[in-house]
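Here the structure comes first, spelled out in structure tokens, and everything after it is commentary.
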Amino acid sequence: MDAISLENVTKSYDGVPAVSQVSLSVRQGAILGLLGPNGAGKTSTIRMVLNILVPDEGSIRVFDRPVTDDTRQSIGYLPEERGLYPRMQVQSVIVFLAALRGMAEAEAERRARLWLDRFELGDWAKKKVQDLSKGMQQKVQFISAVLHQPPLVILDEPFSGLDPVNAATVKDVMLEMRDQGSTVVLSTHRMEQVEKMCDSICLIDKGRNVLAGDLRAIKQSYGKNTLQIEFTGPDSFLNHPAVASVNRLGMGAEAKLKAEADPQQVLRAAVESGAQITRFELLEPSLNDIFIEKTGHA
Amino acid sequence: MRKIWLIIKREYLTRVKTKAFVISTLIVPLLGIGTILLIAFLVSHTSPQNLHLVIVDEAGGLALPVKQNLEAALANGQRQFTVTDTIDRPPSPQAVEHDLRGRINAGTLGAYLMIPSDLTQSVELHTKNPGNFTLLEPLTTALNEAVIGARLSARGIHVDDVNEISRGVHLQVIKVSQSGESVEKGQTIAIAITLVVLLYMSLLMYGIITMRSVLEEKTTRTMEVLISSVRPFQLLTGKILGVAGAAFTQFLIWLLTLGLFASYGAVMAAMLNPNSSFPSMRVPVSLLVWVVCFFFGGYFLYSAMFAAVGAACSNEQDAHQLQWLAVTPLVFTMVIYGVVLNDPTSTAAVVLSEIPFFAPVLMPLRISLQMPPAPQIILSLLLLLGAIWATIWASAKIYRIGILMYGKRPTLPELVRWLRYS
């Protein structure tokens, strides 16, 4: 069963399409990376899954049921636009939001304390939200998204504003939830996070789904067309006709090869030019490269 | 229902628990009562001015009657004037006046009254403090009575006879209502105007509180988390009811203190000042019931409108500019309530009080002045209910779209377009 499935979903505002003909399915128990440049339609898509917006066309199903007010009880949501009532106590806010999602208040309170301790916010439970730093508020918001143990969690830029230690904790929680059978949708610009964590991706650009599927399969389909070379000496070989583009790095360069090009020719040209090669490796393209190639911009 | 209840509870508690709420709830009536009591105290305990004066009468014969008139005690038993001396036919008026001016400057005398022999000329009051206008009227009366009395006697007519003949009658206004008759001393108008101001102020105040509360969720970006688990309609309803609960709590406390004060105010005023004429006001219970009905009707109507304004805007400045949408009909009520006050049975008054945007203020006003026929009240309530339904429907639509819109303030045509979105 798919946790989320979209079929030809279209949504426009005042005639301007924000999402057009997007189809997508998210396997239960997987982590999906939802990628796309700013204004691509990610947030609109998420909002339709949450029944905040209603699609103009197409159908959306969550756990094989059409989207209703009930289906969203099973979703935890961390929106990109973050905010909590500034004058409420940290624990009260968490309990209030959990209660709105159907949890009993006593149970919500018990779990809120466990989570606050895990994120080292135990001493702050009775403080007002506005007394917390931005990063702390971020953690409180993350807690309120996962407190009711939803089978589906949608996180929009969950790492922004977090220091490495807390980012690691959030990452651990996400992996933990996946291992317990929950489905996680991670919407972000940060490719390295997606590359590290996601099982599958969906790339949206200008309202359209331009690439979707298993991350490993996608990368393999691009073949090993990226050369990582470390060298000293002349670099004229980088102008070889087989090279499509070059990204100079400190120790050498990363070169993208043209389709059907033979990397051996580049190696030969490098040796002949007198460069001292210390590393020559063929790699799959990075997600960043795929993103740029598909959208034409970073 | 549970979600609406949770929202009501949060909205109510966060409002009621604030210091501002507690302070305004307790301080406002205390301050009001305190001010009234302070005024009553000051009025009764400031010793009324007792002006010591000397009367100089050039022609003679008038000084004594004027002295008698001036020294007649006031209703409260206190005297306003003490005539220390009367000087009839002074041989040298200049010397006398010079001496009196010296005494006034030395502070041993308050004033002197100079009555000329030729009464076509002005009588002069010489005093250090010419700003005290309250003394002029009794002085003029005392002088006129003495002068007229003297002239009448000269023609052989007795003053008392003239007073007897020329005494007018007193007209008393008595209000007739279902519950009987009561003497009117202006308390009907006082109650009516208090009611209008109270309703207008509280509708405006709680409307703006609702608007701010919606705006707060937008500016703090709490909105998106909320509507990922509750429907905008639930959020709107919960918010309006929550603020209504807080409003009702405050209103109830104010009404109770007001009621206590109205019942015991006369007693308290009497304790401080036995001669106080504090009218004991009886506010009929039926009026209170209707006021509460129309207040809540008006509150739901206007707060739904204010909530929509809050939802359509992204910051306080924009909301201030757009809030005329909700404020205008309310302010217009204040412009036209005079029509109802003048003649509550006129066609204009009847029609205006049936229009839902004005009914919350104008119908209670009519009820307080003169009980309108029951069908008119019921029609007005039904129309109000219909308008509440339509406004909440429209507001929920604007709310649903607006709460996720950030950026520039929408124009009126844009708002109308939002209404048509599915």
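Some points to look at:
- Residue within region A:113-136 that is among the polar types (S, T, N, Q) and buried (at least 16 other Cβ atoms within 10 Å of the Cβ) present: no
- Looking across region B:85-139, just one residue is outside any loop (DSSP other than H, G, I, E, B), of a type in the set (Ser, Thr, Tyr) and more than 14 Å from B:ILE55 (Cβ to Cβ), and that is B:THR134.
- In region A:142-163, residue surrounded by the most Cβ atoms within 10 Å (Cβ to Cβ) [restricted to those that are part of a helix (DSSP H, G or I) and within 17 Å of the chain's Cα centre (by Cα)]: A:PHE142
- Conditions (1) in contact with a Phe, Trp or Tyr (Cβ under 8 Å, 6 or more places away or on another chain); (2) under 27 Å from A:GLU192 (Cβ atoms); (3) not polar (S, T, N, Q): number failed by A:GLU293: (1)
- Residue check for A:VAL184: β-branched (Val, Ile, Thr), more than 21 Å from A:THR43 (Cα to Cα) and more than 14 Å from every other protein chain (Cβ to nearest Cβ): no
- Verdict on A:ILE94 being in contact (Cβ under 8 Å) with a residue 40 or more places away in the chain, more than 9 Å from chain B (Cβ to nearest Cβ) and in a helix (DSSP H, G or I): yes
- Among the residues of region A:59-67, none qualifies, meaning not one is within 22 Å of B:ARG15 (Cβ to Cβ) and either more than 27 Å from the chain's Cα centre (by Cα) or free of Cβ contacts under 8 Å to residues at least 24 places away in the same chain (or both).
- So B:LEU152, is it surrounded by 14 or more Cβ atoms within 10 Å (Cβ to Cβ), out of contact with any Gly (no Cβ under 9 Å at 6 or more places or on another chain) and assigned to a loop (DSSP other than H, G, I, E, B): no
- Within region A:38-51, the set of residues being on the phi > 0 side of the Ramachandran plot and more than 10 Å from every other protein chain (Cβ to nearest Cβ) comprises A:GLY39, A:GLY41.
- Elements of type helices (runs of 4 or more DSSP H) in region B:314-422, at least 3 residues being surrounded by fewer than 17 Cβ atoms within 10 Å (Cβ to Cβ): B:316-322, B:324-342, B:347-354, B:374-402, B:412-420
- Entry remark, region A:52-78: residues being of a type in the set (Val, Ile, Thr), crowded, with 19+ Cβ neighbours inside 10 Å, within 11 Å of chain B (Cβ to nearest Cβ) and outside any strand (DSSP E or B) number 1 in total.
- Picking from residues in region B:231-249 that are surrounded by 22 or more Cβ atoms within 10 Å (Cβ to Cβ) and β-branched (Val, Ile, Thr), the one that is farthest from the other protein chains (Cβ to nearest Cβ) is B:ILE240.
- Candidates are the residues of region A:171-199 that are among the aliphatic types (A, V, I, L, M), at pLDDT 90 or above and closer than 26 Å to A:ASP289 by Cβ; the one that is surrounded by the fewest Cβ atoms within 10 Å (Cβ to Cβ) is A:LEU175.
To keep it simple, each residue is scored yes or no on (1) closer than 19 Å to B:PRO356 by Cβ; (2) more than 21 Å from the chain's Cα centre (by Cα).
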| site | (1), (2) |
| --- | --- |
| B:PRO284 | no, no |
| B:TRP290 | yes, no |
| B:PHE294 | yes, no |
| B:GLY297 | yes, yes |
| B:ALA319 | no, yes |
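- Failed item in (1) within 17 Å of A:GLN149 (Cβ to Cβ); (2) free of Cβ contacts under 8 Å to residues at least 40 places away in the same chain; (3) of a type in the set (Gly, Ala, Ser), with A:GLY102 passing the rest: (2)
- Note on region B:163-196: among residues that are β-branched (Val, Ile, Thr) and in contact with a helix residue (DSSP H, G or I) (Cβ under 6 Å, 6 or more places away or on another chain), the one that is modelled with the highest pLDDT is B:VAL196.
- Restricting attention to region A:235-257 and to residues that are farther than 17 Å from A:ARG279 by Cβ and surrounded by fewer than 16 Cβ atoms within 10 Å (Cβ to Cβ), the residue that is farthest from the chain's Cα centre (by Cα) turns out to be A:SER236.
- Scanning region A:1-37 for residues that are outside any strand (DSSP E or B) and either modelled with pLDDT under 85 or at positive phi (or both) turns up A:MET1, A:ASP14, A:GLY15, A:GLY29, A:GLY36, A:PRO37.
- Meets criteria (in a helix (DSSP H, G or I) and either of a type outside the set (D, E, K, R) or touching a strand residue (DSSP E or B) at 6+ places or on another chain (Cβ under 6 Å) (or both)) for B:LEU171: no
- Number of positions in region A:249-284 that are farther than 28 Å from A:ALA217 by Cα and part of a strand (DSSP E or B): 4
- For region A:231-247, filtering for residues that are outside any loop (DSSP other than H, G, I, E, B) and in contact with a helix residue (DSSP H, G or I) (Cβ under 8 Å, 6 or more places away or on another chain) leaves 5.
- The residue of region B:214-229 that is surrounded by the most Cβ atoms within 10 Å (Cβ to Cβ), among those that are more than 7 Å from every other protein chain (Cβ to nearest Cβ) and acidic (Asp, Glu), is B:GLU217.
- Options B:GLY298, B:GLY265, B:GLY310: the member that is closer than 30 Å to B:LYS175 by Cβ, at pLDDT 60 or above, in a helix (DSSP H, G or I) and touching a helix residue (DSSP H, G or I) at 6+ places or on another chain (Cβ under 6 Å): B:GLY298
The values are calculated or read from the model by the stated rules, or taken from the named source; none is laboratory data. Everything numeric in this text was worked out from a predicted model, so none of it was measured. No Cβ is skipped: glycine too gets one built from the backbone with ideal geometry, and neighbour counts run over all protein chains shown.
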